[in-house]
Structures are given as C-alpha cells and as structure tokens.
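Trainee: Sending over a structure as structure tokens; questions will come in a sec.
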Amino acid sequence: MSAAVVTRSEVAPLVVVMGVSGSGKTTIGTLVARELGVEFIDGDSLHPIENVQKMASGTPLADDDRWPWLDIVGQRLHAYGEENEGLVIACSALKRVYRERIRSQAPGALFLHLDGSLAVLTGRLEGRSGHFMPASLLQSQLDTLEPLEVEEGGYRLDIDQPVADMVSEAVGKLRTIAQVQS
C-alpha cells in the first residue's frame, strides 16, 4: 500500500476506529491513517493511569472512569478539525452514549466499527502479548458493545478478511461518507 496524500479539495476526515479489544483498532487505524495521509493516535495512550491500572488488573472500567478519557478523545479530534487536519484515533467507543460524548466535542467525527465474531476476536487476543487489556475482559466488552447504527455516521467493517482488503474497503467508505457530509 502506498500512502496517499490528502489534497486541499479532498476532505481529511476525523475518524474514530472503534470496537472491542482484539478487533484490530491499532493496526487498521494506523493503516487507514496512512492511506488518508493523516496522523494516527492510539486512544489507549490517552487513558488516565488509574484506568490502565484497573484494566491491567482485570477490572472493567465503569462509565465514571471513561468520561474523562472520552472527553480527551473528543478534544483531540476537535483540535485537529480546527486546524483543518484529519485524524484517525483508536477508541473502543463501545456504547452509543460514548460515541455521542465524543461527538459532543467533535461533531464531524466518523466511526469505523471493526466488527467480528467471538471466535475471531478470541484468536486474535490469544496471539497478542504485552497489552494491558487481558483476554478475560473480552466478554464484558462484548456484553457492553452497542453496534454502530447507520444513522450514527460511520461504517461497520467485517474483520474476518485480509488486512489489505479491510483497509481498502474502510478508506473508500470513509472518503465517501466524508464527502457526503461536507
């Protein structure tokens, strides 16, 4: 894949790559950002240390833990939008209310929901090491997940396909949605 440069006539979208742990948010987000010619931020790096410690110990976050983090994600998107720069940020955004919280800061944000079966997700998590989110929390995330709906402004992407195909499909759909919204 070659990095495409966003031209002034092309909209540089603000994109939240969402989904449960193991869905590929960082991998796909990085590659989508490269294709769109914009920066990528892993939203996990924006979590307060208390949240990281909770998750590392196997304790799911409560909504009160998430609100400050979601505000930071939304503020980061807003800042890039104010500079007329695009941004791709990975953030689980499992509930619609979380996505609405992000959009309250960055109204033009698009969501790319990486969606997959329990079998695919479990296989990915079992093959991953060095991440603070243990595989044992996958079921709690799936129980919490409210899939992205059409009217929310985004796209649901099936993760059970080759990475190159996922990136190509995602970039095409995001560009189309961004053009329609502008």
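The values are calculated or read from the model by the stated rules, or taken from the named source; none is laboratory data. This structure is a prediction, so every number in the text was calculated from the model and none was measured. Because the Cβ atoms are built from the backbone with ideal geometry, glycine has one as well, and the counts that use them run over all protein chains shown. These accessible areas exclude ligands, DNA and RNA; they are computed on the full protein's heavy atoms, side chains included. Shrake-Rupley method; radii C 1.70, N 1.55, O 1.52, S 1.80 Å.
Trainee: Within the stretch 81-91, count every residue that is outside any strand (DSSP E or B) and modelled with pLDDT of 95 or more. Spell out how you get there, then give the answer.
Mentor: First, pick out the residues of the stretch 81-91 that are outside any strand (DSSP E or B): 81-86, 91.
Filter once more, so that each one left must be modelled with pLDDT of 95 or more: 91.
Result for the stretch 81-91: 1.
Trainee: When you scan the stretch 110-119, do you find a residue that is modelled with pLDDT under 95 and part of a loop (DSSP other than H, G, I, E, B), even just one?
Mentor: Yes: the stretch 110-119 contains one or more residues that are modelled with pLDDT under 95 and part of a loop (DSSP other than H, G, I, E, B).
Trainee: Determine the pairs where a residue that is β-branched (V, I, T), located within the stretch 159-173, has a partner that is open to solvent by 40 Å² or more (accessible area, probe 1.4 Å) with Cβ atoms under 9 Å apart, the partner being 6 or more residues away or on another chain.
Mentor: I159/D115; I159/S117; I159/R124; V163/T27; V167/M1; V167/R34
Trainee: Checking the conditions here, which among R96, R76 is open to solvent by 10 Å² or more (accessible area, probe 1.4 Å), within 16 Å of E151 (Cα to Cα) and at pLDDT 95 or above? Walk me through it before giving the result.
Mentor: Numbers: R76 fails: within 16 Å of E151 (Cα to Cα).
Result: R96 is the single residue among R96, R76 that is open to solvent by 10 Å² or more (accessible area, probe 1.4 Å), within 16 Å of E151 (Cα to Cα) and at pLDDT 95 or above.
Trainee: Looking at W67 and the list (1) over 21 Å from P13 (Cβ atoms); (2) open to solvent by less than 40 Å² (accessible area, probe 1.4 Å); (3) not polar (S, T, N, Q), which single condition is not satisfied?
Mentor: Of (1) over 21 Å from P13 (Cβ atoms); (2) open to solvent by less than 40 Å² (accessible area, probe 1.4 Å); (3) not polar (S, T, N, Q), only one is false for W67: (2).
Trainee: While we're looking at this one, here's another question. Quick check, is M133 at pLDDT below 85, touching a helix residue (DSSP H, G or I) at 6+ places or on another chain (Cβ under 7 Å), buried (at least 19 other Cβ atoms within 10 Å of the Cβ) and more than 16 Å from I89 (Cβ to Cβ)? Don't jump to the end; show me each part of the working.
Mentor: Values: at pLDDT below 85: yes; touching a helix residue (DSSP H, G or I) at 6+ places or on another chain (Cβ under 7 Å): yes; buried (at least 19 other Cβ atoms within 10 Å of the Cβ): yes; more than 16 Å from I89 (Cβ to Cβ): yes.
So M133 passes the test.
Trainee: Conditions: (1) charged (D, E, K, R); (2) assigned to a loop (DSSP other than H, G, I, E, B); (3) modelled with pLDDT of 90 or more. R128 meets all but one. Number of the miss?
Mentor: (3)
Trainee: Looking at the stretch 11-24, which of its residues are at pLDDT below 95 and not hydrophobic (A, V, I, L, M, F, W, C)? Even if it seems obvious, please write down each step before you answer.
Mentor: So the first thing to find is which residues in the stretch 11-24 are at pLDDT below 95, and the list is 11-13, 20-24.
Once the filter is applied, which keeps residues that are at pLDDT below 95 and not hydrophobic (A, V, I, L, M, F, W, C), the stretch 11-24 yields P13, S21, G22, S23, G24.
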